[in-house]
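Each remark here refers to the structure printed beneath this line.
The values are calculated or read from the model by the stated rules, or taken from the named source; none is laboratory data. No experiment lies behind these values; they were computed from the predicted model shown. Glycine also receives a Cβ, built like all others from the backbone with ideal geometry; neighbour counts cover every protein chain displayed.
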Amino acid sequence: MNSEMTTLPNGLRIITSPRPQTETVSLGVWVKTGAAYERKEVNGISHFLEHMAFKGTKKRTALQISEEIEDRGGQSNAYTSREFTAFYAKMLKDDAETAVDVLADTLQNSTFPEDELVKEREVVVQEIKQTIDTPDDIIFDYFQETAFPNQAVGRSILGPKDVVRSFTRDTLNNYMKTNYAAENMVACAVGNIDHEQFVEMIKNRMSNVQPHTDFSIEKQEYIGGQFCEQRDIEQAHVAIGFKGCKYETDLYYPTILLSTLFGGGMSSRLFQEIREKRGLVYTVYSFTASHTQDGLFGIYAGTGSKDVKELIPVIADEIKKICDTKVNEKELQRAKTQLKASMLMSLESSSATSEILARQQLIFNRIIPIKEMVERIDNTTLDDIQKTAQTIFSSNPTYTLLGAIGEHASYDELKNMLKR
């Protein structure tokens, strides 16, 4: 994963990773801002701004923004997460500058026209409603909020309907002035492109981005708790969580490996015990969500109303087993191989690589060599996995149930089940 970086005088970092044998370039601008940076009264503004940036600039209409990319066979999009917002495109190598021009324009010159504001507020409200109506989607919002109550990192990325309907052009402009600074951005391109040429493309269009602002991220502290919502649907959705780890910690790779062997695939402990042996679920897996200051380790299962009562104790038993008894070497080696393979396979995609490079630079202020990542995975021991499990699963649980939850263990009963 060879890469080169140049920093403009205003602090904007520009990264490239050459792939001269390809015919395309994946490029974009990543901004270190998202729901975790929002005050409660503007929750959802990062996502709404991402929508509105493409609704017209001083020199392009919304249609022209789309046409300039798609007329050349390119693809462009954007996304918002809790700590990042990205604007990106994939183009044929000769059309990279077109994408840079369009993205730079949308990031700096969006006019947020009033008629588009009115329409897009309702579009996002429909997106919120759709998410609420999708139980295996909205449960993760409830899960995050229960794990991090009354904190920005716990709030929805989309925001509440009434808050979204309150957004104005001034709200958007003020948020851009507060959070969109050059020192907080990375422009990245992976593919058939020359580094100096890409630097010139960005320099000519984004040298006037404000260098610095005084925004800050809210404190993040895992708390845990319970959330239950009965719905008249066919399935019960269950998410159980614990305090995970932040990005910059020695626990990062042991935590991912723990999640992989515990519930990361068809050979994992949760899948084998809960689905294959007992037939209690169609879907069960574990996952990790790291943030700047804290993190979350989660277990998700979708089951029938009558099976919830049996499911929870089985999950608790599997948690206690992995804390009390070391995993075997074969399990750990399989998890290491899975994680390394997943990482290396993702790097075959220029789009995925551009995101990895940009996010690493924003999180760690450096690009982490593949060799270093592989070594950290390989150096994780059986003791590391057990100690990590004991640390994570000793924290206060987050217990979220949604749907046809039927008879189920209470929060206190779950905590008692987890006692060792």
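Residue by residue, here is whether (1) of a type outside the set (Val, Ile, Thr); (2) closer than 30 Å to Thr33 by Cβ holds:
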| site | (1), (2) |
| --- | --- |
| Tyr222 | yes, yes |
| Leu251 | yes, yes |
| Phe262 | yes, no |
| Leu280 | yes, no |
| Val308 | no, no |
| Asp317 | yes, no |
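For segment 51-86, filtering for residues that are crowded, with 20+ Cβ neighbours inside 10 Å, under 25 Å from the mean Cα position of the chain (by Cα) and either part of a helix (DSSP H, G or I) or outside the structural domain of Ala181 (by TED's automatic domain parsing) (or both) leaves 1.
For segment 241-252, the condition holds for at least one residue, the condition being that it is at pLDDT 95 or above and assigned to a helix (DSSP H, G or I). Taking the stated definitions as given, is Glu145 over 30 Å from Tyr282 (Cβ atoms), at pLDDT 95 or above and out of contact with any Cys (no Cβ under 9 Å at 6 or more places or on another chain)? Here the answer is no, as Glu145 does not meet what is asked.
Taken together, the residues in segment 142-160 that are surrounded by fewer than 18 Cβ atoms within 10 Å (Cβ to Cβ) and out of contact with any strand residue (DSSP E or B) (no Cβ under 8 Å at 6 or more places or on another chain) amount to 2.
Here is a check on your reading of the model: is Phe364 of a type in the set (Phe, Trp, Tyr), closer than 30 Å to Met185 by Cα and surrounded by 20 or more Cβ atoms within 10 Å (Cβ to Cβ)? No, not satisfied.
Within segment 328-343, not a single residue is of a type in the set (Asp, Glu), closer than 30 Å to Ile405 by Cβ and either at pLDDT 95 or above or surrounded by fewer than 18 Cβ atoms within 10 Å (Cβ to Cβ) (or both). Listed conditions (1) under 30 Å from Leu12 (Cα atoms); (2) within 24 Å of the chain's Cα centre (by Cα) are all met by Pro254, apart from (1).
Return a yes/no flag: does segment 24-37 have any residue that is surrounded by fewer than 18 Cβ atoms within 10 Å (Cβ to Cβ) and assigned to a helix (DSSP H, G or I).
No, every residue in segment 24-37 fails to be surrounded by fewer than 18 Cβ atoms within 10 Å (Cβ to Cβ) and assigned to a helix (DSSP H, G or I).
What residue, of Thr213, Thr178, Thr171, is of a type in the set (Ser, Thr, Tyr), not assigned by TED's automatic domain parsing to the domain that holds Tyr399 and not in a helix (DSSP H, G or I)?
Exactly one residue qualifies, and that residue is Thr213.
For Glu196, state whether it is under 30 Å from Pro20 (Cα atoms), of a type outside the set (Val, Ile, Thr) and either in a helix (DSSP H, G or I) or modelled with pLDDT under 95 (or both). So Glu196 fits the description; yes.
In segment 87-132, which residue that is in a helix (DSSP H, G or I) and among the hydroxyl-bearing types (Ser, Thr, Tyr) is surrounded by the most Cβ atoms within 10 Å (Cβ to Cβ)?
The initial filter retains those residues of segment 87-132 that are in a helix (DSSP H, G or I), namely 93-109, 114-132.
Now narrow it down to the ones that are among the hydroxyl-bearing types (Ser, Thr, Tyr): 98, 106, 131.
Working: Thr98: 18, Thr106: 23, Thr131: 16.
Here the answer is Thr106.
Condition check: in a loop (DSSP other than H, G, I, E, B), closer than 25 Å to Val31 by Cβ, out of contact with any Asp or Glu (no Cβ under 9 Å at 6 or more places or on another chain) and at pLDDT 95 or above. Does Ile356 satisfy that?
Considered against the rule, which asks whether it is in a loop (DSSP other than H, G, I, E, B), closer than 25 Å to Val31 by Cβ, out of contact with any Asp or Glu (no Cβ under 9 Å at 6 or more places or on another chain) and at pLDDT 95 or above, Ile356 comes out as no.
Evaluated against (1) crowded, with 23+ Cβ neighbours inside 10 Å; (2) outside the structural domain of Ala289 (by TED's automatic domain parsing), Ala239 falls short on exactly one condition, (2). When Tyr247 is tested against (1) crowded, with 18+ Cβ neighbours inside 10 Å; (2) within 18 Å of the chain's Cα centre (by Cα); (3) under 20 Å from Val31 (Cβ atoms), exactly one condition is not met: (1).
Pairing each residue of segment 268-293 that is closer than 17 Å to Ile240 by Cα and touching a residue at least 40 places away in the same chain (Cβ under 8 Å) with any residue that is among the aromatic types (Phe, Trp, Tyr) and in a strand (DSSP E or B), provided the two are 6+ apart or on different chains, yields C-beta distances under 6 Å for Thr288/Phe297. For segment 405-420, a tally of residues being at pLDDT 95 or above and either touching a strand residue (DSSP E or B) at 6+ places or on another chain (Cβ under 6 Å) or in a strand (DSSP E or B) (or both) returns 2.
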